[in-house]
1. Can you tell me the accessible area per residue over the chain, all protein chains present, probe 1.4 angstrom, in square angstrom?
2. What's the carbon and sulfur percent of the chain's accessible surface, probe 1.4 angstrom, rounded to a whole number?
3. Counting Lys and Arg as +1 and Asp and Glu as -1, what is the net charge of the other residues whose Cβ lies under 10 Å from the Cβ of Asp249?
4. Under the rule of -39500 (n - 2.57) per DSSP H run of 4 or more residues, summed and divided by the residues of the chain, what mean residue ellipticity at 222 nm is obtained, to the nearest 500 deg cm²/dmol?
5. Could you let me know the centre-to-centre spacing of region 100-123 and region 199-266, using Cα atoms, in angstrom?
6. Let me know the Kirkwood hydrodynamic radius for region 1-44, please, with Cα pairs as the basis and the value in Å to one decimal.
7. Over its Cα atoms, what ratio of radius of gyration to 2.2 N^0.38 Å does region 89-208 give?
8. Would you mind calculating the relative contact order of region 123-222 from Cα pairs under 8 angstrom and at least 6 residues apart, reporting the percent as a whole number?
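The values are calculated or read from the model by the stated rules, or taken from the named source; none is laboratory data. Quick caveat: nothing in here was measured; it's all calculated off a predicted structure. We place every Cβ from the backbone using ideal geometry, glycine too, and count neighbours over all the protein chains shown. Surface accessibility is based on the protein's heavy atoms, side chains included, excluding ligands, DNA and RNA. Shrake-Rupley method; radii C 1.70, N 1.55, O 1.52, S 1.80 Å.
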Amino acid sequence: MIHRTFQLVPGIGPWREKDLWAQGLSDWDDLRQRGTEVLPAPVLDTLLQAVERAEGALQRGDAPALAALLPVRAHWRLWPLVRERVLCLDVEADGSVDRLLPTVVGCLDPDGLHTFVAGRNLDALPAHLAAHPIWVTFNGTCFDLPVLRRAFPELPAPELHLDLRGVTRRMGLGGGLKAIEDRLGIARPPHLRGTSGRSAETLWRAYRSSVAIEVLRALVEYNLYDALQLRALGDHAFNAGANRLHWPDRVVPWERCEVLYDLSRLPLSLSPTDADAVALARARALAELDG
């Protein structure tokens, strides 16, 4: 798909690109062979220089360099190049609207599923994100990344961030993540389908007040599902985009069964911390005094 992309220089946007395709310039080879028939010499020279830079980045597998040449609206076209390297990220948060802080963060990356929990291992998250610098979120531009940067001001910027909310909307898949999952036939299990971001906030507060590990496990399971669903959603969004452009490029949708065992195991591996035990003992002592 990248070889068919001409949105590499100012002045060539979606409509101009489609016009070039309509005039027979279907890819970079056509541009070299017949570009003089369609484009003015200055525009053609500038575009051919950009194509050379893009081909060099493509040969190196340098997705960030390719992304720098493309407008953000076209970053989804890089999906086949990065899909095996992405880190899918979902953040749960609590606090006032302007002071939200992360509580539970779920990640799916080439090494598998990972959970980071406030008061446990959340401080390890920045290093983990830095090790996997191509991030995928759903509404992460407006929510997940600002929340993380409030907690970690030195958080490094990703080399590439694909926010699937905007991508899916442009592909005709509007709505929230759960609604899109239902439309694509990749819905989550029944016991999780009624849980939302608001429910996650309630679960976190319930865990903090009761120190019940079962509540935390339920929250972590929900959060991890949000993260892993993004991997499949990226495939579906790319295929939808290729279909809208009438291009043959497709990817085989990822099957989440590859990680479902880990998803069931990881929440169960959580156990009460020493701080949990102290808080629970304090709560019990207060209950006895009230009694």
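1. On the way: 14210 Å² over 291 residues.
Accessible area per residue: 49 Å².
2. Working: 7610 of 14210 Å².
About 54 percent, which is the carbon plus sulfur part of the accessible surface.
3. Values: positive: Arg4, Arg77, Arg250; negative: none.
Summing Lys and Arg as +1 and Asp and Glu as -1 gives +3.
4. Value at 222 nm, helices only, nearest 500: -16500 deg cm²/dmol.
5. 13
6. On the way: mean 1/r = 0.0966 Å⁻¹.
Taking every pair of different Cα atoms in region 1-44, averaging 1/r and inverting gives 10.3 Å.
7. On the way: Rg = 14.7 Å, N = 120, 2.2 N^0.38 = 13.6 Å.
So region 89-208 has a normalised radius of gyration of 1.08.
8. Values: 69 pairs, mean separation 19.2, N = 100.
Worked out over region 123-222, it gives 19 percent.
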